[in-house]
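The values are calculated or read from the model by the stated rules, or taken from the named source; none is laboratory data. In this text the structure is predicted, and so the values were computed from the model without any measurement. Ideal geometry is used to build each Cβ from the backbone, glycine not excepted, and the neighbour counts take in all protein chains shown. Note: accessible area is taken over every heavy atom of the protein model, side chains too, but ligands, DNA and RNA are not part of it. Shrake-Rupley method; radii C 1.70, N 1.55, O 1.52, S 1.80 Å.
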Amino acid sequence: MMKLEEVYKQIPMLGTLNFMGDGEPLMNPELNDIIHYAALHDIHTVVTTNSTLLTQSILDKWKKDKVYKIHASIDAADKALYEAVRVGAEWERTKENLVLVGQSGIPLCINIVLTGMTMEGMPNTVKLAHEVGAKEITFLMPICTYGDDRDTRPKVSDVNKSLFRQTASLCRKLGIRWVFP
C-alpha cells in the first residue's frame, strides 16, 4: 500500500482526502496519523463513518487537524430499523456519537441509503439530523455490487412521492440541506 506521503509527493496539488466507500475508516489504526499528515499539508479531510467507533478523543484530534466534514452513515433513525439494517450496531451508542459530532464544531452530514425498508423513515431522519446538529442529509440509492438490486430499491409510488415532498418540506423548515445525488 502506498503511503500518503508518497502520494502527496506525486500529487502535490492534492486538496481533499475523502475516506468513504466500502469499510469503516476507523478500523484503520493509521487513520489519525493520515489525517494529521493531511492537516500539516493543508489537505481537507472528509470522513464517512458508521459512527459506532467515534469517541470524544477522536473528535478532538479531528477538530485540531481541521477535518472538513463528517458523514455519518446510519440508514435509519429509529432503534428497531437501525439495528435490523446495521446488524450488531447499538442505536443508543450511535446516537450519542452523533450528538458528539454535532457538538464538535465539525460539520455533520447524515447519510441514508434509501431502500424499501428505509423510505418510510425519511422524515424522521431529518428530525434526527436537526436534533443532533447535522446541517445536511444525503439520501443515497443502494448500489448492489453482488447482483440485482431491483428488489432493494424503493419503488416509484404515490406514497413514496409524498414522502419525498414531506421530507423536502421538513428540510426547508428545519434548515437542513437536502442532498439527493
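Sort through GLY147, GLY133 and tell me the only one that's modelled with pLDDT under 90 and of a type outside the set (Asp, Glu). So the residue among GLY147, GLY133 that is modelled with pLDDT under 90 and of a type outside the set (Asp, Glu) is GLY147.
Mind checking whether some residue in segment 18-26 is open to solvent by less than 30 Å² (accessible area, probe 1.4 Å), in contact with an Asp or Glu (Cβ under 9 Å, 6 or more places away or on another chain) and closer than 20 Å to CYS109 by Cβ? For segment 18-26, residues open to solvent by less than 30 Å² (accessible area, probe 1.4 Å), in contact with an Asp or Glu (Cβ under 9 Å, 6 or more places away or on another chain) and closer than 20 Å to CYS109 by Cβ: absent. Evaluation of LEU14 against the conditions (1) modelled with pLDDT under 90; (2) under 30 Å from TRP91 (Cα atoms); (3) assigned to a loop (DSSP other than H, G, I, E, B) shows that the sole unmet condition is (2).
Results for (1) more than 27 Å from ILE35 (Cβ to Cβ); (2) part of a loop (DSSP other than H, G, I, E, B), shown as yes or no for each residue.
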site: ALA77; (1), (2): yes, yes
site: THR94; (1), (2): no, no
site: THR115; (1), (2): yes, yes
site: ALA134; (1), (2): no, yes
site: PRO142; (1), (2): yes, yes
site: THR152; (1), (2): yes, yes
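Among the residues of segment 30-44, write down those that are closer than 19 Å to ALA72 by Cα and either out of contact with any Phe, Trp or Tyr (no Cβ under 6 Å at 6 or more places or on another chain) or of a type in the set (Phe, Trp, Tyr) (or both). Answer for segment 30-44, where residues must be closer than 19 Å to ALA72 by Cα and either out of contact with any Phe, Trp or Tyr (no Cβ under 6 Å at 6 or more places or on another chain) or of a type in the set (Phe, Trp, Tyr) (or both): LEU31, ASN32, ILE35. The one condition from (1) assigned to a helix (DSSP H, G or I); (2) more than 27 Å from LEU17 (Cα to Cα); (3) open to solvent by 50 Å² or more (accessible area, probe 1.4 Å); (4) not small (Gly, Ala, Ser) that VAL87 does not meet is (1).
Listed by first and then second residue, the pairs with beta-carbon distance under 7 Å, at least 6 apart or on different chains, first residue in segment 52-63 and closer than 18 Å to GLU24 by Cα and of a type outside the set (Asp, Glu), second open to solvent by 70 Å² or more (accessible area, probe 1.4 Å) and not in a loop (DSSP other than H, G, I, E, B), are THR52/ARG93.
Candidates in segment 150-160 are the residues that are at pLDDT below 85 and under 27 Å from LYS173 (Cβ atoms); of these, the one that is most open to solvent (accessible area, probe 1.4 Å) is VAL156.
Among the numbered conditions (1) within 14 Å of the chain's Cα centre (by Cα); (2) open to solvent by 60 Å² or more (accessible area, probe 1.4 Å); (3) modelled with pLDDT under 90, the only one that TYR68 does not meet is (3). Restricting the search to segment 71-82, which residues are open to solvent by less than 60 Å² (accessible area, probe 1.4 Å) and more than 30 Å from HIS41 (Cα to Cα)? Answer for segment 71-82, where residues must be open to solvent by less than 60 Å² (accessible area, probe 1.4 Å) and more than 30 Å from HIS41 (Cα to Cα): ILE74, ASP75, ALA76, ALA77, LEU81, TYR82. For segment 162-181, filtering for residues that are open to solvent by 80 Å² or more (accessible area, probe 1.4 Å), closer than 20 Å to MET141 by Cα and either basic (Lys, Arg) or in a helix (DSSP H, G or I) (or both) leaves 3.
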